[in-house]
Amino acid sequence: MASRISRLQKQFDKLAIDAFLVTNQKNIFYLTGFDLMEGDGCLLVTKDRAIIITDARYQLALEEFDSDEVVATISQDYYGDLNKICLVSKITVLGYEDTISYRLFDLLDELMEAAIVPFTNLIEKMRMIKDSTEIAKLERAAKLHDEGYQFAFNEVHAGMTERELANRLDFWMKQHGASGESFPTIVASGENSAKPHATASDKVIEDGDIVTLDFGYYVDGYTADMTRTFAVGEVDDRLKEIYEIVETAMNRVIDKIKVGQTGDVMDHAGRDYIAERGYGENFNHGMGHGIGLDVHELPARYGSDSADLKFVNNEVITVEPGIYIEGLGGVRIEQDVIVTHNGPRVLTGKPSQSLPVTR
């Protein structure tokens, strides 16, 4: 199987470039397997080699780095040395990621004697389709999230704060194999649950609160993304009804997932059902997004306006419908799903069909 670097190199003639500059940390890791912190250097991929340009802090790690494709240059002037390498290698057209800062663009524009050409999502499009190694890592991440949710569900009780629950979950996830969170954990209780992206606060979780827990953690560099909603004690019957509507909507979307399916068809499968049940105006975000090395990968989102988005084999996406009612509360349930030729393969565990209640 062709390596990720060689797959990138094969695109150069079509793109009319001699080399490609990579500065995004996740893209460097994806292509090389070497973990270079953001801003600590760059990767130059030419037609016949890949060169990490960084400083002496990484020298020992690079000496231990086992790769037949990647070499390294230790530098005190990353982009000055980049220009020198391009001159020696007779690179006249250099592609780069259009997400770089203006400050870096200004520096490249001043230093580089090669013409520089921006590209949008060149490597990110490669990252959309996961190989078997990546899927195995996402499976491990999803399994840990299932276990983490069970821990949180057993830990939560009236009288603790949202932040306390988030902190206990954070400790448990890291203690059991996660390297860190991919986004700040959302614990939204009571009326806070009506805010789709509330953050964990000092609000005390009370008896009779509904709680939405949305969290994502890295395992072996890859992140799952999982949301569950549950009740602490008895809650308003309307919230129980909303939970069952959201759970049904989610399953209707998952049932539509297949290779070649369009994003709008999947979205309508859940959104139309929510609207039929009278809550269309209370679902105000996309149906899901891609996950992998980042918690939001391509597709960055899919929704009712995604007729041009067709899913392909081995994409990994989320499905996360929700209903949010100001002054009452909200419900969101999120699953991570692999798109396959055989239909959907759900990575995260099956949520309850009715609102889970803890004491």
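Apply the Debye scattering formula to the chain, with a single equal point scatterer on each alpha-carbon and no solvent, then give log10 I(q)/I(0) at q = 0.08, 0.11, 0.12 Å⁻¹. So the normalised log intensities work out to -0.47, -0.81, -0.91. In sequence order, what are the phi-derived ³J(HN,Hα) couplings for the stretch 42-52 according to the Karplus relation 6.51 cos²θ - 1.76 cosθ + 1.60 with θ = phi - 60°, rounded to whole Hz, with x for glycine and proline? Values, residue by residue: 8, 10, 9, 10, 9, 5, 10, 7, 10, 10, 7 Hz. At q = 0.13, 0.15 Å⁻¹ the log10 of I(q)/I(0) for the stretch 42-188 amounts to -0.84, -0.95, computed by Debye summation with a single uniform scatterer per C-alpha, solvent ignored.
The alpha-carbon atoms of the stretch 203-359, seen along their principal axes, cover 44, 39, 24 angstrom, with the largest extent given first. Each residue, LYS90 and ARG57, gets one label point 7 Å from its Cα in the Cβ direction; the gap between the two is 3.7 nm.
Dividing the mean sequence gap of close Cα pairs (under 8 Å, 6+ apart) by how many residues the stretch 201-288 holds gives a relative contact order of 20 percent. The charge dipole of the chain, taken about the Cα centre with unit charges on the Cβ atoms of Lys, Arg (+1) and Asp, Glu (-1), comes to about 900 debye, rounded to the nearest 20. Distant-in-sequence amide contacts of ASP209, defined by a placed amide H-H separation under 5 Å and a gap of 5 or more residues or a different chain, comprise VAL232. Cross-link check: pairs LYS137/LYS256; LYS256/LYS310; LYS14/LYS47; LYS137/LYS174; LYS195/LYS350; LYS125/LYS350 evaluated at a Cα-Cα cut-off of 18 Å; pairs beyond the cut-off: LYS137/LYS256; LYS195/LYS350; LYS125/LYS350. Only Cα pairs under 8 Å and 6+ residues apart enter the sum, and on that basis the relative contact order of the stretch 64-177 stands at 19 percent. 3J(HN,Hα) couplings calculated from phi for the stretch 255-267 with the Karplus curve 6.51 cos²θ - 1.76 cosθ + 1.60 (θ = phi - 60°) are, in sequence order, 4, 8, 6, 6, 4, x, 5, 9, x, 5, 5, 4, 4 Hz; Gly and Pro show x.
What the phi angles of the stretch 216-232 give under the Karplus curve with 6.51, -1.76 and 1.60, with θ = phi - 60°, is a coupling list of x, 9, 7, 10, 6, x, 10, 10, 8, 8, 9, 10, 9, 10, 8, 10, 9 Hz, glycine and proline written as x. For the stretch 177-227, pairs of C-alpha atoms spaced more than 14 angstrom apart make up 51 percent of the total. With the convex hull constructed from alpha-carbon coordinates only, the stretch 196-270 shows a mean projected area of 7.3 nm² over all directions. In summary, the convex hull built on the alpha carbon positions of the stretch 263-355 has an orientation-averaged projected area of 6.8 nm². Between VAL312, VAL211, VAL88, the Gaussian network model of the chain with springs among Cα atoms under 10 angstrom shows the greatest mean-square fluctuation at VAL88.
The three principal axes of the Cα atoms in the stretch 296-336 give end-to-end lengths of 40, 21, 13 Å, sorted in falling order.
In the stretch 110-182, a dipole from Cβ-located charges (positive for Lys and Arg, negative for Asp and Glu) runs towards its positive end, and of LEU165, ALA152, MET112 it is ALA152 whose Cα lies farthest in that direction.
Taking the square roots of 5 times each eigenvalue of the Cα gyration tensor of the stretch 119-259, largest first, gives ellipsoid semi-axes of 29, 20, 14 Å. Among SER75, SER101, SER193, the residue with the largest mean-square fluctuation in a Gaussian network model of the chain, with springs joining Cα atoms closer than 10 Å, is SER101.
Considering only LEU111, LEU36, LEU309, the Gaussian network model of the chain with Cα springs below 10 Å gives its largest mean-square fluctuation to LEU111. Across the stretch 1-126, how large is the tail of the calculated P(r) beyond 22 Å, expressed as a percent of all Cα pairs? Here the long-distance tail beyond 22 Å is 28 percent of all Cα pairs in the stretch 1-126.
Surface composition of the stretch 267-359: carbon and sulfur make up 43 percent of the accessible area, probe 1.4 Å. Compared with the dominant Cα axis of the chain, that is its longest principal axis, helix 132-155 is turned about 30°.
Rolling a 1.4 Å probe over the protein heavy atoms of the stretch 32-94, with every protein chain left in place, gives an accessible area that is 50 percent carbon and sulfur. In the context of the full set of protein chains, residues of the chain present 45 Å² of accessible surface per residue (probe radius 1.4 Å, heavy atoms only).
The antiparallel fraction among DSSP beta bridges confined to the chain stands at about 75%.
Within the accessible area of the stretch 160-255, the carbon and sulfur atoms contribute 45%, probe 1.4 Å, all protein chains present.
The values are calculated or read from the model by the stated rules, or taken from the named source; none is laboratory data. Computed from a prediction, not measured in an experiment: that's the story for all the values here. Cβ sites come from the backbone with ideal geometry, for glycine too, and all protein chains shown count toward neighbours. Remember, those area values only see protein heavy atoms, side chains included, never the ligands or the DNA or RNA. Shrake-Rupley method; radii C 1.70, N 1.55, O 1.52, S 1.80 Å.
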